[in-house]
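Beneath this line is the structure, given in structure tokens, with notes to follow.
Nothing in this text is a laboratory measurement; each read-out follows from the coordinates by a stated rule. No experiment lies behind these values; they were computed from the predicted model shown. Glycine gets a Cβ as well: all are built from the backbone with ideal geometry, and neighbour counts include every protein chain shown.
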Amino acid sequence: MGWRLRIEHETRVRYGGPVLSSFNEARMTPLTLPTQATLESRVTVGPGTIAVWSYDDYWGTHVSVFELPEAHEELVIRATSTVQTEPHPSLPPASQRPGWATIREQAEGRRLLEMTLPTALTTVAAEVSGAVIAEVAGRGPDDTAAAISALVRDRIAYLPGATGVRTNAQQAWDKGQGVCQDMAQVTIGLLRAAGLPARYVSGYLHPRADPKPGRTAFGPSHAWVEYWAGAWTPLDPTSGADVGERHVVVARGRDYGDVPPLKGLYHGPSHSHMDVTVEVTRLA
Amino acid sequence: MADVFDDYRLADAWDEMFAAAEWAPVSRGVRQRVMALERFLADVYSSGDCFSDGVLPWRLAVTSDKFRREVAGFAPANGVRVHVAGIDLVRDEAGKFRVLADNVRVPSGVSYLPENRLLGALRAAAPPGVADPFVVVLTPGVHNAAYFEHTLLAGFMGVELVEGRDLSCYRNRVYVQTTGGRRPVDVIYRRVDDDWLDPLHFRPDSLLGCPGLVNAARAGNVTIANAVGNGVAEDKRIHPYVPDLIRYYLGEEPLLENVESFRLDDADTLLRPFAVNDGRDVWVLPGGLT
């Protein structure tokens with residue numbers, strides 16, 4: 001009884017003059033997972049018809065690679081996909097979830113270790129994490145994660161434009177403002193400091209909890225987190241909402257740096273302007 | 001020029017170091033080591049069996065800044081990642097050769113090599129179906145301390161010496177602008193470190209490489225020699241495990257021993273800094289391992 005979502009993600013870059021060559025990677029194709037199936041997905045690039053080549057990277061993300069060898073002043077990337085999303089199973093009772101000791105042991109394993117190590121974008125100062133951990137102490141793993149998420153939502157006001165893609169967790173914490181990327185990275189830093197493996201999720205969110213089929217909504221690219229407590233468990237510190245049919249997973253990594261929707265470089269004027277629109281339509 | 005170089009290489013330095021009887025076992029030991037390191041690199045960038053089997057900790061790989069996730073999941077054309085290695089040997093107090101370091105990224109001194117052997121290895125590494133591979137030597141340029149060696153090497157091998165700005169990538173193929181026009185490149189013997197090689201994947205401010213090289217290698221259209229990511233096998237924390245890697249991959253006892261080195265993650269290894277009190281202050285100095 002899931003949702004069928006249509007996502008149209010358009011990125012338009014205008015340069016302050018002619019760009020001679022440009023090399024890019026886009027990470028905009030939703031994954032197929034137990035909770036979602038990507039039925040159709042396409043990344044097209046203009047102006048004109050630009051060849052797009054793809055590969056799956058180390059983190060399992062579908063990467064679209066393209067280059068523009070001719071002079072151009074504008075770049076347009078359209079990522080279109082249709083995804084069937086399913087409700088996530090609710091958390092099993094705490095008695096069926098592993099305790100701290102088990103999680104600590106599992107965290108040393110091949111799949112989890114990289115999600116326990118600090119990264120430059122997710123690390124907060126030891127004083128900050130120490131104070132947070134003291135505040136949430138005495139709880140089980142799931143309750144700790146929920147408490148950390150609530151605390152981050154409390155601390156950081158959602159304010160687009162307050163931070164940039166290179167803002168790290170400590171800067172966002174100090175500023176007390178940020179967007180989903182910042183809230184996700186702060187949460188990850190605190191979860192890892194508390195002993196829970198945690199990873200960054202890049203994707204889309206339908207802005208409404210119960211949208212009418214057929215009506216299009218504008219929902220920006222979104223980011224949230226997953227922590228490990230015997231299974232990867234999603235948590236959306238920005239919206240505070242349960243992660244479910246509204247969420248579409250595109251990529252997962254240690255932090256934003258592993259999963260940027262668009263990364264590239266070009267020869268040309270340093271001034272450019274990027275417009276991103278994401279239209280999400282519930283089809284059924 | 002070449003004769004002078006050859007004479008120096010063979011007559012003086014080499015013969016002084018090695019009695020002929022010593023060369024054969026050293027040669028076998030180095031060969032064994034490089035074969036194990038090849039297997040290790042192939043493993044690190046694919047299934048990572050050596051970590052699952054507990055030969056060495058996964059933590060060492062993922063915390064190494066030379067571990068390149070960008071090249072995981074694809075293998076170079078003929079499976080070779082270490083096209084040329086420089087193994088540093090020292091004599092211990094008993095006169096026995098021991099391995100100080102394995103240089104499997106960009107070993108300096110390769111212009112001492114018989115150039116046909118290196119060129120043969122590079123040509124053999126070309127993508128499948130290329131009958132007469134076009135090989136270039138990629139140098140960081142005239143400001144690099146080893147530029148002279150790069151010119152010698154390219155000259156000995158009879159191949160083009162190029163800089164990053166001479167290369168361009170288009171549709172996952174690499175081209176070089178030469179005096180004779182633009183032509184596709186099959187094998188790049190690069191003297192540029194991973195960090196600087198491809199600004200799309202590594203340092204974005206690098207002007208020494210060329211954007212698109214890594215994806216061209218991933219697509220199997222060009223071979224980068226030595227392979228990207230080899231540095232993880234040079235990591236000083238992994239060096240003490242090389243004898244175990246030889247046993248694990250080859251089922252043989254190591255012919256060459258490491259210089260004595262200690263694993264800091266071993267509970268029996270204690271790091272002992274020394275504190276010297278000169279009456280005014282206490283100076284803490286790096287000390288030994290016990």
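Based on the Cβ-Cβ distance of B:Asp53 and A:Thr32, what FRET efficiency does E = 1/(1 + (r/R0)^6) give at R0 = 35 Å, to the nearest 0.05?
Efficiency for this residue pair is about 0.70.
Find me the longest stretch of chain B that has none of the exposed chymotrypsin sites (Phe, Trp or Tyr not before Pro), where exposed means in a DSSP loop (not H, G, I, E or B) with at most 16 other Cβ atoms within 10 Å.
B:75-261
Kindly identify region B:142-197 as rounded, prolate or oblate by the Cα gyration tensor criterion: order the square roots of the eigenvalues as a ≥ b ≥ c, call it rounded if a/c is under 1.5, otherwise compare a/b with b/c, prolate if a/b is larger, else oblate. Judged from the Cα gyration tensor, region B:142-197 comes out oblate (a/c at least 1.5, b/c at or above a/b). In a simple Cβ point-charge model (Lys, Arg +1; Asp, Glu -1; nothing else charged), the protein assembly as shown has a dipole of about 1740 debye relative to its Cα centre. For region A:80-179, the gyration tensor built on C-alpha atoms gives an oblate shape. Its axis ratio a/c (a ≥ b ≥ c) is at least 1.5, and a/b is not larger than b/c. If the segment from B:Asp281 to B:Ser27 were pulled out straight at 0.36 nm per residue, it would be longer than the present Cα-Cα gap by 86.3 nm. Over the Cα atoms of region A:94-258, the radius of gyration divided by the Kirkwood radius equals 0.96; this is the Rg/Rh ratio. Indicate the gyration tensor shape class of chain B (rounded, prolate or oblate), computed on the Cα atoms with a ≥ b ≥ c the square roots of the eigenvalues: a/c under 1.5 is rounded; otherwise a/b larger than b/c is prolate and the rest oblate. Prolate, because a/c is 1.5 or more and a/b exceeds b/c.
Per residue, the convex hull spanned by the alpha carbons of chain A comes to 131 Å³.
Say a site is exposed when it is one of the trypsin sites (Lys or Arg not before Pro), sits in a DSSP loop, and has at most 15 other Cβ atoms within 10 Å; what is then the longest site-free stretch of chain A?
Working: sites that count: A:Arg110, A:Arg111, A:Arg139, A:Arg166, A:Arg208, A:Arg215.
It runs A:1-109.
Looking at region B:70-136, which GluC sites (Glu not before Pro) are in a loop (DSSP not H, G, I, E or B) and have at most 10 other Cβ atoms within 10 Å? Those that pass, being in a loop and sparsely packed, are B:Glu93. Going down the list A:Lys175/A:Lys263; A:Lys175/B:Lys236; A:Lys175/A:Lys212, which pairs span over 31 Å between their C-alpha atoms? Over 31 Å apart, Cα to Cα: A:Lys175/B:Lys236; A:Lys175/A:Lys212.
Here the Debye sum runs over all C-alpha atoms of the protein assembly as shown as equal scatterers in vacuum, and log10 of I(q)/I(0) at q = 0.07, 0.09 Å⁻¹ comes out as -0.52, -0.84.
Shape descriptor for region B:25-138: Rg over Rh equals 1.00 (Cα atoms; Rh from the Kirkwood inverse mean 1/r). Counting 0.36 nm for each residue step from A:Asp275 to A:Glu73 and taking away their Cα separation leaves a gain of 71.3 nm. Three principal axis extents describe the C-alpha atoms of region A:11-92; from largest down they are 56, 23, 20 Å.
Working value for region B:121-225: equivalent-ellipsoid semi-axes of 19, 18, 12 Å, each the square root of 5 times a Cα gyration tensor eigenvalue, largest first. More than 13 angstrom separation, counting every C-alpha pair in region A:161-211; what % is that? Result: 61 percent of Cα pairs exceed 13 Å.
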